[in-house]
Amino acid sequence: MKNTLTIAWKETKTYFASPMAYIIIAVYTALASYNFVSSISGVLPEATIRGFLLPSTLIFALLAPVITMRLLAEEQKLGTLELLMTAPVRDYEIVLGKFLAALASLVSTLVPTLYLVLLLTWFGSPDMGPILSGYLGLILFSMAAISVGLLASSLTGNQIVAAVVSIGILILLLIIGEAESYLGGVFGEIVRQLSITNHFEDFARGVIDTHDLVYYLTFTLFLLFLTVRSLESRRWR
Amino acid sequence: MQETAAPPMIEVRDLTKYYGDFPAIEGISFTVNKGEVLGFLGPNAAGKTTTMRILTGFMPPTSGSASIAGYDVVDDSLDARRHIGYLPETVPLYTEMTVEDYLDFMGAIRGMSRRQRRLRVSEVIGICHLEEYQSSLIGKLSKGFRQRVGIAQAILHEPDVLILDEPTIGIDPIQVVETRNLIKSFGGEHTVILSTHILPEVSMVCERVIIIHEGRVVAIDRPGNLSERLRGTERIEMDIRGPVAQVMTALRNIRGVREVTRTGSGDVVSYNVESVHGADLREQIATLVAQKGWGLLRLQPVYMSLEDIFLRLTAKEADQP
């Protein structure tokens, strides 16, 4: 556990020491604010944050791989993975440390959006339930997106390859639910369950369903497990 | 568990590693005692790095076993790794970190407490002469200083075993001397394995040498013993003033001489006499030359350098089918 935190702390420091962190935060805040403003500018505006929550999944599907792409790929390229893997550290501690750092980095981009919530409470009386569940949903979504990014990053020494592959997988998971309408039957059900978007919508509505919780947690754990395996497999090559 | 008084710090038995069908190393065995500095000598792709990677737990062997401080590198990998300081050939460093932060991080993942780290980091910065650069980004350092940072992280946690893969490669001559002295100073307390293909380095730094070639050990011994053992013949070089043909015949007629060759021409000619092992013909030659009234300008026995031994050993191996 101590090793995990040591690695997580180091990666978080490295992330916030780079300009990338602030560019990502700025870009996301700008996009979220735009979506927020356009959602409350209708005829009958609602005091919710759904307006920026729903498009955030797509934005995060693009940003998460940018954060995760270097985490393991760069270590392979620099050769530092050899040093890390010959230190008295377990492989899963490396993966978990990187995961926590990436999660902290991605979730930190949400912090400026709290001022949108402040605006809502200032000018209206929003229902805090959906707001909290919405943020929870976005954090869970981040975990899943990061685990995809980490797995891709563990498989290659090339950061761009890692990013492109994980963006592809994440976007597929976002849109796969649409296939339900024409697949139908068992396959339609499978596709609906796999869809990362379907599981997110409940949170945005203010519903915390155990199904969705289990989906995100299982998804994340399974991919982290694969990442550990992929790291271990370097030892056997 | 072994019950001997001083169990070897590193024990390697029948280590074999295949990459696919290609054997990188085959049946390597050796032991290193506490405090010893062992040189790992071999041409490129001989299997030095592979052996070191197995010892450090980076990858497992295909067969055979290795232990560090009594811990098997596969079964008790974490315990074995706790006793190792490792400098890989590529000197892997996080270029976006400062020297201090990097060393602090490396200490932390090796389980050093914050207090130990504070003390030890400034200590190794001193040992490796990095004071001026401790707050610089590693990416901005020159190759020689990066190498020092690499050595600093390897000795940071005062490991029992130091494994250094080509530690003096790519640094300037003055730094090479410093680095060698540094490595020499680790012997005694730490056990050191260092790989190199710079031959004089081995005789300067190491107490024992392993020569490996094409994945197999071709010789293990002290550098001095190696030259002794391999000296099947003795060679003497001399410069003599006298009639060439007569000198040649006279030298050939000395008992024990196997071959005489000459180089140069004119008044003074250099001769090279090879004799059977154990025969020291210097006195006989001197007497002979004096009796004949020629002039002996130089008489010098030739010892085989490690380089000759190395070439001879690796060539012999290569000759076999």
If you go through the stretch B:98-109 one residue at a time, how many are more than 7 Å from every other protein chain (Cβ to nearest Cβ) and either in contact with a Leu (Cβ under 9 Å, 6 or more places away or on another chain) or over 13 Å from A:W9 (Cβ atoms) (or both)? 7
Unique residue being within 8 Å of chain A (Cβ to nearest Cβ), closer than 25 Å to B:M9 by Cα and either free of Cβ contacts under 8 Å to residues at least 24 places away in the same chain or in contact with a strand residue (DSSP E or B) (Cβ under 9 Å, 6 or more places away or on another chain) (or both) when the list is B:L78, B:L55, B:L87: B:L78
Filter pass, B:A45 being crowded, with 22+ Cβ neighbours inside 10 Å, assigned by TED's automatic domain parsing to the domain that holds B:D14 and not hydroxyl-bearing (S, T, Y): no
Go through the stretch A:161-213 and tell me which helices (runs of 4 or more DSSP H), entirely inside it, have 2 or more residues that are of a type in the set (A, V, I, L, M, F, W, C). A:185-194, A:198-205
Residue count, the stretch B:186-223 (criterion: modelled with pLDDT under 85, farther than 26 Å from B:A24 by Cβ and either of a type in the set (A, V, I, L, M) or over 13 Å from the mean Cα position of the chain (by Cα) (or both)): 5
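Sort out which residues of the stretch B:110-121 are at the interface with chain A (Cβ under 8 Å from one of its Cβ atoms) and either within 28 Å of the chain's Cα centre (by Cα) or buried (at least 19 other Cβ atoms within 10 Å of the Cβ) (or both), and write them in order of number.
B:R110
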Would you be able to tell me the number of residues in the stretch B:281-321 that are of a type in the set (D, E, K, R) and either modelled with pLDDT of 75 or more or closer than 19 Å to B:A245 by Cα (or both)? 4
Filtering helices (runs of 4 or more DSSP H) wholly in the stretch A:65-123 for at least 3 residues that are surrounded by 24 or more Cβ atoms within 10 Å (Cβ to Cβ) and more than 14 Å from every other protein chain (Cβ to nearest Cβ) gives A:91-108
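For the stretch A:85-127, enumerate the residues that are under 22 Å from B:R53 (Cβ atoms) and of a type outside the set (K, R).
The answer is A:M85, A:T86, A:A87, A:P88, A:V89, A:D91, A:Y92, A:E93, A:I94, A:V95.
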Return the only residue of B:R120, B:R115 being in a helix (DSSP H, G or I), modelled with pLDDT of 90 or more, charged (D, E, K, R) and in contact with a Gly (Cβ under 7 Å, 6 or more places away or on another chain). B:R120
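With the condition kept exactly as written, say whether any residue in the stretch B:232-246 is of a type in the set (K, R), part of a helix (DSSP H, G or I) and either in contact with a Cys (Cβ under 6 Å, 6 or more places away or on another chain) or at pLDDT 85 or above (or both).
Checked the stretch B:232-246: no residue is of a type in the set (K, R), part of a helix (DSSP H, G or I) and either in contact with a Cys (Cβ under 6 Å, 6 or more places away or on another chain) or at pLDDT 85 or above (or both).
The values are calculated or read from the model by the stated rules, or taken from the named source; none is laboratory data. Everything numeric in this text was worked out from a predicted model, so none of it was measured. Reconstructed Cβ throughout: ideal geometry from the backbone, glycine too, with neighbour counts over all protein chains shown.
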